[in-house]
Amino acid sequence: MKVLSLLIACLLLAGCGTQKPKAEGIWQQGFEKKTKASELARTAMSVRHIVKGDTVLIECYSPNRHFASSKTEKNHGELSIDVFVDGQKRLSNIITAAFTVGHLEKGIHQIKLVFSSKGEKNAPVPAEFDVAIFPSR
């Protein structure tokens, strides 16, 4: 009996040795998700819109980004926006965080904002939303 318990103790102590098991599964996946989330947060853009009559007021915000100070000269990392309404380019090179899209016909329209940034591959992902323009009373 003593020999059997001594043999089991030796196997347990020798089993781990100096090589420790590598972290797999949850730890590595969690780190990858955090990395991707931080990259997404860096390029994320918050977009809000309000419909007033036949005009859509749009506001864009990102804590880590700023808009260009000039339409003709953009510095590295400065943003501008192209606006598409129902697949057709409506406005281009918008350099302000808040702007309007006006004179929309009644009905439902899809608005897409495409952000571009000089010298960077990681411009914010395009924002898309639908708006409904009702006939005026």
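The values are calculated or read from the model by the stated rules, or taken from the named source; none is laboratory data. Not measured: the values here are computed from a predicted model. Don't worry about glycine lacking a Cβ; one is built from the backbone with ideal geometry, like all the others, and counts go over all protein chains shown.
Going residue by residue through the stretch 101-109, is there one that turns out to be within 16 Å of I50 (Cβ to Cβ), out of contact with any Phe, Trp or Tyr (no Cβ under 9 Å at 6 or more places or on another chain), buried (at least 17 other Cβ atoms within 10 Å of the Cβ) and hydrophobic (A, V, I, L, M, F, W, C)? Within the stretch 101-109 (the criterion being within 16 Å of I50 (Cβ to Cβ), out of contact with any Phe, Trp or Tyr (no Cβ under 9 Å at 6 or more places or on another chain), buried (at least 17 other Cβ atoms within 10 Å of the Cβ) and hydrophobic (A, V, I, L, M, F, W, C)), the answer is yes, since at least one residue qualifies. Assessment of the stretch 60-69 against the conditions (at pLDDT 80 or above, more than 15 Å from the chain's Cα centre (by Cα) and farther than 17 Å from A98 by Cβ) yields no matching residue. What do you reckon, is G77 modelled with pLDDT under 90, at positive phi and surrounded by 15 or more Cβ atoms within 10 Å (Cβ to Cβ)? Yes. Candidates are the residues of the stretch 110-124 that are at pLDDT below 90 and not in a loop (DSSP other than H, G, I, E, B); the one that is farthest from G53 (Cα to Cα) is S117. With respect to the conditions (1) in contact with a Leu (Cβ under 9 Å, 6 or more places away or on another chain); (2) exposed (fewer than 15 other Cβ atoms within 10 Å of the Cβ); (3) modelled with pLDDT of 90 or more, V85 falls short on a single one, namely (2).
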